[in-house]
Structures are given as C-alpha cells and as structure tokens.
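Written below as structure tokens is the structure these notes are about.
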Amino acid sequence: MSVTDVLVVGGGIAGLTAAIRVADLGHAVTVINRAESPQESNTRYAQGGIIWEDEFPESLAHDIDMAGDKIGGERASRILADEGGPFVASFLIDRLQVPFDRDSAGEIHRTAEAAHSRPRIIHVKDQTGAALQEALTREASRHPLIRIATSATAVDLITSTHHSRLRGAIYEQTAVLGAYVLSGDAVETMLASYTVLATGGLAALYAYSTNPEGARGDGFAMADRCGAHIVDMEYVQFHPTAFRREGCPAFLISEAVRGEGGILLNLAGERFMERYCPDLLELAPRDEVSRAVALEMRRTAAANVLLDLSPLRARGMDVSARFPGIHRTCLGMGVDIRTDSIPVAPAAHYTCGGIRVDGWGRSNLRNMYAVGEVSCTGLHGANRLASTSLLEGLVWGKRAAENICGNFEREDFARWEIPDWDITEVVAEPNLEWSAQMHARLREVMWENVGLVRSEETLGQAWREVSAMAIDVEEAYRHTRLTDLLVGLRNAVQAALLVITQARRNRGSRGCHYREDYPPAE
C-alpha cells in the first residue's frame, strides 16, 4: 500500500501538466503510466501542432463553436481562448523551451488547419506531440515531488462507496480515494487524497485508428463503474486522412499537410472536394471532410483516395523537411512523398465526449478530476476543431492542479478502512490468445457498425454482440489472474457500450455523429 497527495493516471500532456503544477504548489504526486516508457502516451503521436492564439481570442472561440456545430459549452471555449495563449507562452515556450519551428525572421511559425479562420498553429515539424512529450517528461522526471511509475495499469478506482468498510460510507457522496494498480503480477493499493484521470481516448477500439493501442477507453470505463457522469460519447471524430494501403498499418497524415496546401484526389485524379464542400474544400471541418472522402470512396468503389502534395512542392517546399516523420513512415510503406501522392482514408481519431467536468476539471465524484481526452469540458461539442486537444489538455491540466491545491484537504485513509486487492476467486491463468481475439473482434464490430455512418440497425447489431462479449469478458475478469491485456479488454468492452448506447439514444445527426436514418435537416 502506498499513499500520495495526488494520483495522476496517465502521462500525456494533460496528466503531466497537472502533475508539474501540483508539485510546483508543494504537493507530492504519483503519475502512473501503463506503458514501459514514460514517453509513451497519446500526446506523443500528435503531429500537427498546438494552437497559440495570443491576439484574437474571440476569433478562436468562434471557430471552436462553429466546428462543434454550435452545441459545445461557451464557457469552455472562452476559458481556452483566454488562458491558452498566455500559458503556451509562459509554460511551453519560456519554461520548457519546446523547440517550435521558426520562420525566416526568427518568429515562431504559425500554420493554418481546417476550420481555422487564421493561421495560429505552432509546431515542431510534424512531430509536435513527441517534442511536447519529451519536454514534459523531462520536467516531471526531475521534479523532487513527482514520482513516475511505469508498467503500472490502473485496474479500478478506489471509492468510499464501493470499497470502504466504514459503516454508512455507502450512503454518503462517493469519494475517489486512489486506485488499485497492476504492476507485474501484483495489484497494489495506491491511496490518494485527490485523483486525476488523464488516460486519453478510445479510438483504438476501431479497426482503423490513428491512435496507439493504449487508447482503449480505460478511463471512461473506470469512471463509469464508480458513478461518474459520462456524456457525448457518440461524438467520435474520424480523421479524414490516415494512411491506407492493403497490408499496412493505418497512421495519421497530419491535417497540416492540407493546411499547407495539399489537395484530395480520387483515383482518377479528380479533385472531388468541390462536389461535397465547395466553399472550404479540404479545409472544411473534419467531420465533413471525412464523410466526403467516405462518400467518394463509395461512389468510385475505391479502397482509398489520394492526398496530393504537388501544390506544396510547386511553391518550393521541401516536404520531406517540413514533414519528416510522415516522410519517413510513408517511405517505409513504399510511398515517397517527395514524388508520390499518399493513399488515405478516414480512421477513428478522437473522442469528443467523456467524463463530464466543470471549468476546473472536477467531476461529480468527490476529489476526482478528469483532464484531456478522457474528459468532456464541453469544449468540442459535436466535433473537435483541429489542434484544440493539446491546448485543452494543457489548460485544464493547469486549472485542475490549481483547484486541487487551492482547496487541498488531506484524506484520513485509516477512517475509510480500504482493503487490499482480493484474489480469493482467482482460479485461472490468462488466455492471451483469447483476449487478443476478443480485442480484434471488438474493433471489427465498432468499425463496421459504429463508425463514420451509423443507423439504428447497425447500432443494434453492435449492442447485441458487444453486450454478449461483456458477459464473457466479465466472467474471465472475475476468475483469471490479471494482465494488462485482460484489464484493457474489460475496459474496452465497457467503453464501446458507452459509445453504442449513447449513439442509439441520439436520434439525429450532428457533427461527427452521423446517422443515415436521421440525416441532418437542410
């Protein structure tokens, strides 16, 4: 058993920003990361950049609202627009000294991305996430009040109502008191006065995804099991340009490629976006571009479309220098972006919904906060504006930390009488092959039935099959020695059901939730 002031579950931009700010304010923090390396997170895979809007915050708030189909929270967009620019400057640029690209005049370069009314995206080539992750990990690792535990998988949140042996605890407001954490073969009891979930999203529940395999919905499922409010889960954003070639893994082709002037062509060489989004073309909101690509693929019976970089090359841009990561990865798949178009198609990318929190990252559960993609601040509404996710994680990581420290009260853990993990019913060894097969089938079901275009029929099919899977998975979980794979499978199935049930409930089409049986009104 271990005790800390604040437990942060997840080690990306949101979690590490929260950890660093809490430690700066004098409290001990433990950060757990299920990966072996502290550098591994969703943040690391972000390519395009982060918003730095320090002149026209009202313009940014407007763009966020328009991209989100006007259903997001206005308070959240104002917080991001007002506080994001100054904190990027003071924290990322001045303190962490992230090496953002600069123009010929030595100023930090700002590029355009879809649905932005002006260039405001700063970047480190096409490896912005990796640069941010490296800087944040370095800063957190050398802070004397921060401990980073790797290869540590949160199994379940510890709560007063589910785990405490104190008489009457079940009748009080639920308080989160830390987590049970799998490390090696043992489950450790990690107690914390405050717990911050920063576990990322769930796009890896889909057969085609831009996310790492760890984006399997852990935080949503753990929070749901202890009574947190989970909202807007139907709004799963699909990125329009992920690499797509038979026999090759999907990976992100940054929106910055289109922001710099890349155009979409069908396999006959026609620029088809004029047919679907004649005003904004390739720089329309992501949900519109993704559906346009899918419709064009259906119309032409093609497995992909092409992202043409010739306009960039024509104006003298060295695309391999501007996009070195994309160049290197594509080259490994047989595509040279210096001469070739990139085969692309939509892939699951981002979860707009999540654990409902306020402007300080507070959930409805006492002493539990959520930041980053696992949370729903109301910022994104029905569709996320490009490059807002890193900034949201940064701003709400800071705000959550400051709210915790400004209201800090150390928990009396002895009072709650929290037991250690119970293995009484564990009688079976893990079946890794079965777990992998279940994961694979779940990804197929989600892609086929809960993807870019849904209907009552496809959602019903998914609900029946995933519900049946949940019974088998829960039985295995209760009686099998735990592994990260089994914990992840249990969480993935539960997170998938959250998406399916909320998508069935929403009989309408808004943003990235598109139902062909309830098309949007003209």
Taking the criterion of being touching a Ser or Thr at 6+ places or on another chain (Cβ under 8 Å) and closer than 30 Å to residue 243 by Cα, would at least one residue in segment 190-201 satisfy it?
yes
Could we say that residue 20 is in the same structural domain as residue 146 (by TED's automatic domain parsing), of a type in the set (A, V, I, L, M) and within 22 Å of residue 210 (Cα to Cα) here?
no
I'd like to check something: does segment 419-427 contain any residue that is in contact with a Phe, Trp or Tyr (Cβ under 8 Å, 6 or more places away or on another chain), modelled with pLDDT of 95 or more, hydrophobic (A, V, I, L, M, F, W, C) and not assigned by TED's automatic domain parsing to the domain that holds residue 495?
yes
Name, by its number, the condition in (1) touching a Ser or Thr at 6+ places or on another chain (Cβ under 6 Å); (2) buried (at least 19 other Cβ atoms within 10 Å of the Cβ) that does not hold for residue 338.
(2)
Regarding segment 29-44, can at least one residue be identified that is touching a residue at least 12 places away in the same chain (Cβ under 8 Å), surrounded by fewer than 18 Cβ atoms within 10 Å (Cβ to Cβ) and more than 24 Å from residue 349 (Cα to Cα)?
no
Failed condition for residue 426, given (1) part of a helix (DSSP H, G or I); (2) of a type in the set (A, V, I, L, M); (3) in contact (Cβ under 8 Å) with a residue 12 or more places away in the chain, with all others met?
(1)
List every residue pair whose Cβ atoms sit under 8 Å apart, with the two residues 6 or more apart in sequence or on different chains, where the first one lies in segment 445-459 and is in the same structural domain as residue 203 (by TED's automatic domain parsing) and the second, anywhere, is surrounded by fewer than 22 Cβ atoms within 10 Å (Cβ to Cβ) and of a type in the set (Gly, Ala, Ser).
none
Residues to consider are 135, 114, 140; find the one that is in contact with a helix residue (DSSP H, G or I) (Cβ under 8 Å, 6 or more places away or on another chain) and modelled with pLDDT under 95.
114
The number of residues in segment 1-28 that are crowded, with 23+ Cβ neighbours inside 10 Å and in a strand (DSSP E or B) is 4
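Could you check segment 76-105 and list, in sequence order, the residues that are on the phi < 0 side of the Ramachandran plot, of a type outside the set (Phe, Trp, Tyr), in contact (Cβ under 8 Å) with a residue 12 or more places away in the chain and part of a loop (DSSP other than H, G, I, E, B)? Write out each step before concluding.
Filtering segment 76-105 for residues on the phi < 0 side of the Ramachandran plot gives 76-96, 98-105.
From what is left, the residues that are of a type outside the set (Phe, Trp, Tyr) are 76-86, 88-90, 92-96, 98-99, 101-105.
Cutting the leftovers down to in contact (Cβ under 8 Å) with a residue 12 or more places away in the chain gives us 76-86, 88-89, 92-93, 95-96, 98-99, 101.
Hits for segment 76-105 are 96, 98, 99, 101.
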Kindly list the number of the only condition in (1) crowded, with 24+ Cβ neighbours inside 10 Å; (2) small (Gly, Ala, Ser); (3) farther than 29 Å from residue 2 by Cα that fails for residue 221.
(3)
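The values are calculated or read from the model by the stated rules, or taken from the named source; none is laboratory data. Computed from a predicted model, the values in this text were never measured in an experiment. With ideal geometry, Cβ positions are generated from the backbone for all residues, glycine too; neighbour counts draw on all protein chains shown.
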